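The values are calculated or read from the model by the stated rules, or taken from the named source; none is laboratory data. Please read these numbers as outputs of a predicted model, since none were measured by experiment. Here the Cβ positions follow ideal geometry from the backbone for every residue, glycine too, while neighbour counts run over all protein chains shown.
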Amino acid sequence: MTENRVLIFDTTLRDGEQAAGASMTIEEKLAVAQQLERLKVDVIEAGFAASSPGDFQAIRTIAERVRGPIICSLARANPNDVDQAAEAVKPAASSRIHVFISSSDVHLMHQLRKGREEVMDMAVSMVKRAKRYVEDVEFSPMDATRTLPEYLYAMLTATIDAGATTVNIPDTVGYAIPEEFAQLIRNIFENVPNIHKARVSVHCHNDLGLSVSNSLAAVKAGVRQVEVCVNGIGERAGNASLEEVVMGIHTRRDFFELHTGVETTQLYRTSRLVSEITGFLVQPNKAVVGANAFRHASGIHQDGLLKERTTFEIMNPTSVGVPGSAIVLGKLSGRAGLRARLEELGFHLSQEHLNQTFQAFKDLADKKREVTDRDLEALMAEQRRTVSEAQTYRLDQVQVSCGDHIIPTATVRIIGPNEEVLGDTATGTGPVDAVCNAISRVVPVPNKLVEFSVQSITEGLDAVGDVTIRIQSGGKSYVGRGVSTDIIVASARAYMNALNRVLAITGAQAAGKGTGS
Ligand code: KIV
Ligand code: ZN
């Protein structure tokens, strides 16, 4: 394959969501998919249809609502998985089924407990089955980097003959080293006789911190699809980070002589959305999208930058959509100013949504002298959470008394699923504990709070507090986020958000909606 476009296959909603604690509601998955559409990725792996009714429904909703990218579902090499994947992606304008099976001896022996010949037959027959439904079929030999090369070549040859249009080489356990991985790719081009009939892809995990390096080494060796996740989330240490792979190819066009179709100015916004939904905060020094990625602290660097930006910046922050902070809004700002600033940040609101947002903005501006871009992003995130259809219980009021001479006591008023007004009072070891106890008395979700953190969105005592709460319920971990200038209110919102997400995610699983069976 000699073409010079590298396809970006995003698996945030499948491999990314597999990360412990990254579960998303269907509504949240749709919001991420719509943002990936704006980002112009080529393929969205929207889930693993046979893994749960909730996953099936999410893929189907995305297939119905998202145009542009190819919508893909993962499937193990068995008939039920392939049939479910086909049913889930059916409404898509362009669809793909991604069939996978392990190929390394260690997996065959201990996990599948099957011989090489049987596994080869399963791979071939399931690619053929997928081909009955869609033209676009991807095949992955799982744990390819620890597979006997001759067996890998034979499996790729056979699955391409069976109709696979993309063959993906997963470094499932993040074991590869860039030079060695590039050599494996070159060997595949040399030893798989029909390789020119398929697109070659890679899927690298980050166990040794090499997922982006391995992906880029493979691109240089000739692959023309890379599988990535926003912010590098995914199983264990994650997958190759979308923004780093894309900006690597983009910034070093001189070296790769290749391009992607990604709208890079949407990278920052995509990163923020995924971080906000999953509760996985982006480390400040994260390449491309971290808060410090374009901050220059050293005097020498600042001096160079003032003379000529390229002295110390290889990427222009505007090229990845990092918002400038020149305009700061305040309580005298009007609706038009707010709309203009939000549009610059990529939020395009209807008149009704703008009116609601303006009210929330005014409330914030009354408490805070300056409303920055980061405050506006947090406000929009809070709006998205509070108007979400997945919000079964709504926090109406919270009141807390605390101090060093009284027992912290909280009273909450909550609107229930049928608009009924509910309320209760509880004590706790501190104000946050008291609030969570009071909410727990009203919202029937058994859970254990396992993580609580507060971040200040901007500097200063009047800063907005951004609370992340993680709870464990039914053996799974769920995140909740909440923002307010009052951190007790932010905590109450975050806890409510986590409980509502448990209800939305487990409700979709239990409902078994749209299994097609
Ligand atoms: O890591 C892996 O091998 C996978 C496959 C399903 C492609 O995620
Ligand atoms: Zn993976």
Checklist entry - Could we say that GLU180 is in contact (Cβ under 8 Å) with a residue 60 or more places away in the chain and of a type in the set (D, E, K, R) here? => result no
Next on the checklist: Go through the range 184-234 and report how many residues are farther than 21 Å from ASP10 by Cβ and either part of a strand (DSSP E or B) or without any contact (Cβ under 8 Å) to a residue 24 or more places away in the chain (or both).
Outcome noted: 1
Next on the checklist: Quick check on my filter: what residues within the range 116-161 are of a type in the set (Lys, Arg) and closer than 16 Å to SER104 by Cα?
Outcome noted: ARG116, ARG146
Checklist entry - How about the range 161-187: which of its residues are surrounded by fewer than 22 Cβ atoms within 10 Å (Cβ to Cβ), within 22 Å of GLU45 (Cβ to Cβ) and of a type in the set (Val, Ile, Thr)? => result THR165, VAL173, ILE185
Checklist entry - Which residues, counting only those in the range 2-51, are within 16 Å of ligand 2 (Cβ to nearest atom) and assigned to a helix (DSSP H, G or I)? => result THR12, LEU13, ARG14, ASP15, GLY16, SER51
Item to check | Residue list for the range 345-362, filter: part of a helix (DSSP H, G or I) and either exposed (fewer than 14 other Cβ atoms within 10 Å of the Cβ) or among the polar types (S, T, N, Q) (or both) | outcome: GLN351, GLU352, ASN355, GLN356, THR357, GLN359
Item to check | the range 456-475, residues that are over 17 Å from ALA504 (Cα atoms), buried (at least 16 other Cβ atoms within 10 Å of the Cβ) and among the small types (Gly, Ala, Ser) | outcome: ALA463, GLY465
Checklist outcome for this item: Considering the range 307-328, residues that are in a helix (DSSP H, G or I) and of a type in the set (D, E, K, R), and then whichever is surrounded by the most Cβ atoms within 10 Å (Cβ to Cβ), we arrive at ARG309
Next on the checklist: Which residue is farthest from ligand 1 (Cβ to nearest atom), if the candidates are limited to the range 126-147 and must be of a type in the set (S, T, N, Q) and not in a strand (DSSP E or B)?
Outcome noted: THR147
Checklist outcome for this item: Of (1) of a type in the set (D, E, K, R); (2) within 16 Å of ligand 2 (Cβ to nearest atom); (3) in a loop (DSSP other than H, G, I, E, B), ARG67 satisfies every one except (2)
Checklist entry - Out of curiosity, is VAL167 within 16 Å of ligand 1 (Cβ to nearest atom), of a type outside the set (S, T, N, Q), under 24 Å from SER73 (Cβ atoms) and in the same structural domain as ASP15 (by TED's automatic domain parsing)? => result yes
Checklist entry - Quick one: which of ARG413, ARG470, ARG441 is without any contact (Cβ under 8 Å) to a residue 24 or more places away in the chain, in contact with an Asp or Glu (Cβ under 7 Å, 6 or more places away or on another chain) and assigned to a strand (DSSP E or B)? => result ARG413
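Of the residues that sit in the range 248-286 and are in a helix (DSSP H, G or I) and in contact with a Ser or Thr (Cβ under 7 Å, 6 or more places away or on another chain), which one is farthest from ligand 2 (Cβ to nearest atom)?
Selected residue: THR265.
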Checklist entry - Of the numbered conditions (1) surrounded by 23 or more Cβ atoms within 10 Å (Cβ to Cβ); (2) more than 18 Å from PHE9 (Cα to Cα); (3) within 16 Å of ligand 1 (Cβ to nearest atom), ALA237 satisfies every one except a single condition; which is it? => result (1)
Checklist entry - If GLY304 satisfies every condition in (1) surrounded by fewer than 19 Cβ atoms within 10 Å (Cβ to Cβ); (2) under 30 Å from ALA19 (Cα atoms); (3) not acidic (Asp, Glu) but one, which is the exception? => result (2)
Next on the checklist: One residue is enough: does the range 271-288 have a residue meeting the conditions within 18 Å of LEU345 (Cβ to Cβ), over 15 Å from the mean Cα position of the chain (by Cα), in the same structural domain as GLY16 (by TED's automatic domain parsing) and not hydroxyl-bearing (Ser, Thr, Tyr)?
Outcome noted: no
Checklist outcome for this item: Of the residues in the range 473-504, those that are of a type in the set (Ser, Thr, Tyr) and not in a strand (DSSP E or B) come to THR485, SER491, TYR495
Checklist outcome for this item: Residue pairs qualifying under the 7 Å Cβ cut-off, at least six apart or on distinct chains, with the first in the range 117-131 being assigned by TED's automatic domain parsing to the domain that holds ASP81 and the second being among the aromatic types (Phe, Trp, Tyr) and outside any helix (DSSP H, G or I), are ALA123/PHE139; VAL127/PHE139
